[in-house]
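The values are calculated or read from the model by the stated rules, or taken from the named source; none is laboratory data. Everything quoted here is computed from the prediction, not taken from an experiment. Neighbour counts run over all protein chains shown; Cβ positions are idealised from the backbone, glycine included.
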Amino acid sequence: MPKDMFSEENEVKSAWVSWGKPGDNIVGTLIAKYERENSIGGKTEMQNIYEIKAMNGDFHSLKQDDNGNYVPESEPVKILADQIFNVGGKPAIDSQMRNVKIGQIVGMKFMESVPAKEKGRYPTKVVKIFTTGEMDTEFMAELEEEKAKDPKNF
């Protein structure tokens, strides 16, 4: 057992990709898609969540500055193979992800920020989705194995 379980070096970091700077990206296999409630600006709505088993990538986490604005950390979070990350959907991401199947290898890249049209709103982050259509055969084999063991959960 580690000397101090609750030391900063043992902290499990968030499994959410936050698009802090243009160029932030993740490449991996889409292993799940689900919806959850999200409270945005005081109203609750359903949001798609995409679960990615990573191959590689990196992104800049966001933190609040002294003025309450979200700013990217200076050092990127390095995404390692086989880590599981969540990406929150929004209309532009959701429309592109409609064409991606569970088990398909996908890349997501933060391209640019577009200034908000309304004062006091956050800029729009343009995230593009990329795929060659290739399926992750290893993941698909694992999925078929799980289906065979417990078909009523699929």
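Across the stretch 112-135, what is the total count of residues that are of a type in the set (Asp, Glu), touching a residue at least 24 places away in the same chain (Cβ under 8 Å) and in a loop (DSSP other than H, G, I, E, B)? Even if it seems obvious, please write down each step before you answer.
So the first thing to find is which residues in the stretch 112-135 are of a type in the set (Asp, Glu), and the list is 112, 118, 134.
Adding the requirement that they be touching a residue at least 24 places away in the same chain (Cβ under 8 Å) leaves 112, 134.
This time we only want the ones that are in a loop (DSSP other than H, G, I, E, B), so: 134.
Adding up the residues that qualify gives 1.
What residue, among those in the stretch 41-88 that are of a type in the set (Gly, Ala, Ser) and closer than 12 Å to Val17 by Cβ, is surrounded by the most Cβ atoms within 10 Å (Cβ to Cβ)? Can you show your working first?
Filtering the stretch 41-88 down to residues of a type in the set (Gly, Ala, Ser) leaves 41-42, 54, 57, 61, 68, 74, 81, 88.
If we keep only those that are closer than 12 Å to Val17 by Cβ too, we end up with 54, 57, 61, 88.
Values: Ala54: 17, Gly57: 22, Ser61: 17, Gly88: 15.
Step by step, filter the stretch 41-88, then rank; the result is Gly57.
What single numbered condition from (1) farther than 23 Å from Leu30 by Cβ; (2) hydrophobic (A, V, I, L, M, F, W, C); (3) modelled with pLDDT of 90 or more fails to hold for Val106?
(1)
Check every one of the strands (runs of 3 or more DSSP E) wholly within the stretch 1-111 and list those with 3 or more residues that are closer than 19 Å to Ile129 by Cα and of a type in the set (A, V, I, L, M, F, W, C).
25-40, 43-59, 84-88
Looking at the stretch 136-151, is at least one residue in contact with a strand residue (DSSP E or B) (Cβ under 8 Å, 6 or more places away or on another chain), in contact (Cβ under 8 Å) with a residue 24 or more places away in the chain and not aromatic (Phe, Trp, Tyr)? Steps first, please.
Of the stretch 136-151, the ones in contact with a strand residue (DSSP E or B) (Cβ under 8 Å, 6 or more places away or on another chain) are 136, 139.
Filter again for in contact (Cβ under 8 Å) with a residue 24 or more places away in the chain, leaving 136, 139.
Those still in the list that are not aromatic (Phe, Trp, Tyr) too: 136.
Checking the stretch 136-151: at least one residue is in contact with a strand residue (DSSP E or B) (Cβ under 8 Å, 6 or more places away or on another chain), in contact (Cβ under 8 Å) with a residue 24 or more places away in the chain and not aromatic (Phe, Trp, Tyr).
Surrounded by 14 or more Cβ atoms within 10 Å (Cβ to Cβ) and either aromatic (Phe, Trp, Tyr) or over 17 Å from Val27 (Cα atoms) (or both): does that describe Lys125?
Values: surrounded by 14 or more Cβ atoms within 10 Å (Cβ to Cβ): yes; either aromatic (Phe, Trp, Tyr) or over 17 Å from Val27 (Cα atoms) (or both): yes.
Yes, satisfied.
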